[in-house]
Every structure is written in structure tokens, then in C-alpha cells.
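Every read-out reported here was derived from the displayed coordinates using simple, explicitly stated rules and does not represent laboratory data. As the structure is a prediction and not an experimental result, all values here were calculated from the model. Methodologically, a virtual Cβ is constructed for each residue, glycine included, from the backbone with ideal geometry; neighbour enumeration extends over all protein chains shown.
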Amino acid sequence: MSTAIALSHAMFDGALCLGVCDKIVPGLLIGALSFGHLPVVFVPAGPMPSGLANKEKARVRQLYAEGKASRDDLLEAESQSYHSPGTCTFYGTANSNQMMMEMMGLHVPGSAFVNPNTPLRDRLTRHAAQQVARITDKGQSYRPLAETLDEKAIVNAVVGLLATGAPPTMRCTCRPSPALPASC
């Protein structure tokens, strides 16, 4: 809703949407679609570098569940696991959202899985800003969101999602056919 409210002021030639987590990216997209006449480029954060290994994190969680680790031990393990900017380190909903945005043509190509705080991430973010300026009605090639995000872009994203072994949360959300198992 905040995206739609911000864009409702009719002051913008285009928008950059900066998204990270599971619910933020779809919310940004829904808000931006309310203003389909505006060019929009989404800028992913990229996945954070690996922190504490999943096996070690699971071990500490198990010890905590058994009463053999303190709350401080658990919080320390969680802090080491999710320790820097970016999406989670695994291919879950947040990263599959980013991949789908790229496959729909809403990211700079190749930007979904570049880590934050790297020279390449900085260049891709600058390129996204330059791209949105190019595709405004004052730029070289006006292309509003409504022309970028069509049925072909949606199908491309769903095919890409399923081809990459989508996480269960996304497979259930994007279930293309009632013939698929109800458990999804």
C-alpha cells in the first residue's frame, strides 16, 4: 500500500522499487501496478553471503529445544546465520521472488543473485537507475510497467520458477492447474 500511496502524488516520471524479503517484493509490485503508466525497475538486494552453516544452526536449535542451550546461545546462532544485508542465503520465497522479477523483465538482467556490498551490486544498482531514466517519457525509450508486465512475462516467470525447483511456498502460490495435488 505504501508504494501506491507514494506513487499517487503524481510527481514521478518513473520508479525504482527496492525489494528484499518475501512479502515486500509482491507488495511493491501490486502497488506499482496501480500506476502501470509509469516505468518501473525493481532493484534486488541480492542474497547475503553465507553465515553460520545450516547444520550448525540446526544443532543449536535442537540443543535449545532440549533445554541444553541457553536463549543467548540460540540468539547468537541466529545472528550469525542472518548477519548482513540481503535476502536469506537459501533458495526460498525471497530469492525465488527476485528470480521471478528478473524473468518478468523487471530487473536489470543478471542482478537477482548478486550479493550486497559488492562492486558488481553497486554497478547493477546504478544501471537500474539509469535504465528507469531511459524508459521514462522523457528518456530514449518510453516503456511503462503495463507494457513490460504482460501475460508472456507472467508465463515466463512461472515457467522459470518451476524450472528452478521452486520452494514449496511458491509452488503452492503459483499452482497453474487445479489438476495439481490439493496438498500444494
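Summary table below
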item: Angle in degrees between helix 119-134 and the longest Cα principal axis of the chain, rounded to the nearest 10; result: 30
item: Convex hull per residue volume in Å³, alpha carbons only, for the chain; result: 147
item: Modelled FRET efficiency - R0 41 Å, residue 127 with residue 162, Cβ distances, 0.05 increments; result: 0.90
item: Relative contact order (%) - the chain, alpha-carbon pairs under 8 angstrom, separation at least six; result: 26
item: Cα gyration tensor of the stretch 89-153 - equivalent ellipsoid semi-axes, whole Å, descending; result: 23, 17, 6
item: Rounded to 10°, Cα long-axis angle of helix 93-103 versus longest principal axis of the chain; result: 30
item: Helix axis angle, 54-65 relative to the chain longest principal axis, alpha carbon, degrees; result: 60
